[in-house]
Amino acid sequence: MDIKAILMGLAFALMWSSAFTSARVIVEYAPPLSALALRFLISGLIGVALAWLLGQSARLSRRQWTGVLIFGICQNALYLGLNFVAMQTIPASLAAIIASTMPLLVALAGWLVFGTKVRPLGIAGLVAGLVGVVLIMGARLQGGVDPFGLILCIIGVASLTVATMAVLGASSGGNVLMIVGLQMLVGSAMLWPVGLALEELTITWNWQLIVAFVYTTLVPGLAATLVWFLLVGRIGAVKASTFHFLNPFLGVAIAAALLGERIGVLDVLGVAIIAGGILAVQLSKQA
């Protein structure tokens with residue numbers, strides 16, 4: 001792994017982890033699904049326009065189109081849609097912790113569903129990740145966290161797991177920026193009907209909402225997704241996923257710094273165990 005790949009991985013982890021804090025601000029002042037649908041529409045149009053200016057084509061292979069559709073539906077519509085709704089009632093730090101378990105779920109699915117061989121280090125990582133999650137969930141449930149929001153986040157991370165397992169098919173064959181833009185437009189198309197049917201378009205306009213929306217649209221929305229696709233194309237999905245072990249720390253730290261969310265001792269211990277589990281799983285794949 002060269003220095004450019006390391007910098008790309010660090011940048012992705014920071015941008016991805018910050019998305020929960022900015023999303024928490026958005027859902028405080030605007031309807032979640034409609035706001036997310038608009039974000040995807042703007043990000044998708046920008047991505048497609050930039051790709052067209054760079055000479056990229058929307059003539060994708062069948063494998064790429066399949067990846068675009070799965071990624072757009074599972075990550076953008078389901079995972080992010082459910083998380084935006086959930087973050088009306090649960091802290092951004094908890095949503096970040098749950099989402100950061102995705103590499104563990106990918107490894108677990110590969111082991112149980114597809115029969116992928118898991119080394120002892122990987123098994124130890126999966127067990128550690130489970131212990132970390134149990135610690136955090138136990139502490140948060142005792143503290144009065146909303147169970148419905150928690151369930152939505154769990155369903156969302158399962159959808160993110162499916163999307164991650166499909167990302168390699170979408171990123172191979174070039175036209176990366178075009179693919180990023182198109183999968184966002186897929187997510188927008190899925191969310192608009194639901195948002196308009198279920199939500200009242202009541203918006204409290206202020207500078208916090210505007211800054212959070214612009215940031216979420218351009219940085220976690222467009223830039224982070226592009227960097228992730230490029231990173232996977234550069235070093236492969238297994239090595240790229242190693243950087244996810246930073247997400248529990250960064251997600252909790254950013255939420256605490258910008259939103260003032262309180263972090264307990266069990267949260268810190270659980271985050272450290274989950275991060276160690278993620279790192280162990282990814283290192284076992286590279287052994």
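Summary of the geometry: the stretch 104-119 and the stretch 258-274, compared by the centres of their Cα atoms, lie 28 Å apart.
Sorted on the mean count of surrounding Cβ atoms within 10 Å across their residues, most packed first, peptides 246-257, 93-104 read 93-104, 246-257. Of the trypsin sites (Lys or Arg not before Pro) in the stretch 1-81, the ones in a loop by DSSP (not H, G, I, E or B) with at most 10 other beta carbons within 10 Å are R59.
Tell me what the chain gives for mean residue ellipticity at 222 nm when only DSSP H runs of n ≥ 4 count, each as -39,500 (n - 2.57), the sum divided by the residue total, rounded to 500 deg cm²/dmol. Present the calculation step by step, with values, prior to reporting the outcome.
On the way: 14 runs with 216 residues, N = 287.
Taking each H run of at least 4 residues, the total per residue is -25000 deg cm²/dmol.
Largest GNM mean-square fluctuation across P91, P31, P120, computed for the chain with C-alpha springs under 10 Å, falls on P120. Over the chain, calculate the relative contact order: mean separation of alpha carbon pairs under 8 Å at least 6 apart, over the residue count, as a percent. Over the chain, the number comes to 42 percent.
Each reported figure results from applying straightforward, stated rules to the coordinates on display, with no laboratory input. Computed from a predicted model, the values in this text were never measured in an experiment. Note that we place each Cβ from the backbone using ideal geometry, even for glycine, and neighbour counts take in every protein chain shown.
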